[in-house]
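Q: If you scroll down you'll find the structure; I have some questions about it.
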Amino acid sequence: MKLRNLKKNIAYRVCEELARRNAGEPLETDFVYRVFPDIPNEKIASSIDALVHRGWLDWDESQSSLYLTARGRTKIRKVVPAALRDHCGSKTTC
């Protein structure tokens with residue numbers, strides 16, 4: 001995976017996992033690190049920070065859980081190919 005796509009891949013994987021679980025529940029921040037074990041933690045952390053800054057993701061006060069925001073869901077619909085959107089959950093998720 002190219003690092004320039006890391007933010008989009010993180011947002012998609014968060015969306016996909018939240019769809020698999022329950023869209024209203026938070027996702028542990030550690031999940032993102034486990035999904036991308038070959039990417040340096042610093043790159044993942046800066047990508048999460050950038051997604052939070054953009055308003056795609058939000059986290060709880062302790063920064064241990066992530067939420068996909070409404071803006072993030074809208075952006076995911078634009079960057080994820082239509083053929084993959086079903087894997088990212090229902091219309092209420094992504």
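The values are calculated or read from the model by the stated rules, or taken from the named source; none is laboratory data. Because the structure is a prediction, the values reported are computed rather than measured. Quick reminder, even Gly has a Cβ in these numbers, built from the backbone with ideal geometry, and neighbours come from all protein chains shown. In case anyone asks, the SASA skips ligands and DNA or RNA and just uses the protein heavy atoms, side chains included. Shrake-Rupley method; radii C 1.70, N 1.55, O 1.52, S 1.80 Å.
Q: Looking at region 17-74, which of the residues that are part of a helix (DSSP H, G or I) and among the acidic types (Asp, Glu) is most open to solvent (accessible area, probe 1.4 Å)?
A: Residues of region 17-74 part of a helix (DSSP H, G or I): 17-20, 29-35, 41-54, 70-74.
This time we only want the ones that are among the acidic types (Asp, Glu), so: 17, 30, 42, 49.
Details: Glu17: 21, Asp30: 98, Glu42: 135, Asp49: 79 Å².
Here the residue is Glu42.
Q: In addition: Considering region 7-59 alone, what residues qualify as being free of Cβ contacts under 8 Å to residues at least 12 places away in the same chain and of a type in the set (Phe, Trp, Tyr)?
A: Passing the criteria: only Tyr33.
Q: Further question: Quick one: in region 63-94, of everything that is among the aliphatic types (A, V, I, L, M) and more than 23 Å from Tyr33 (Cβ to Cβ), which residue is modelled with the highest pLDDT?
A: Within region 63-94, the subset among the aliphatic types (A, V, I, L, M) is 66, 68, 70, 76, 79-80, 82-84.
Within this subset, residues satisfying the condition of being more than 23 Å from Tyr33 (Cβ to Cβ) are 70, 82-83.
On the way: Ala70: 85, Ala82: 65, Ala83: 61.
Checked region 63-94; the qualifying residue modelled with the highest pLDDT is Ala70.
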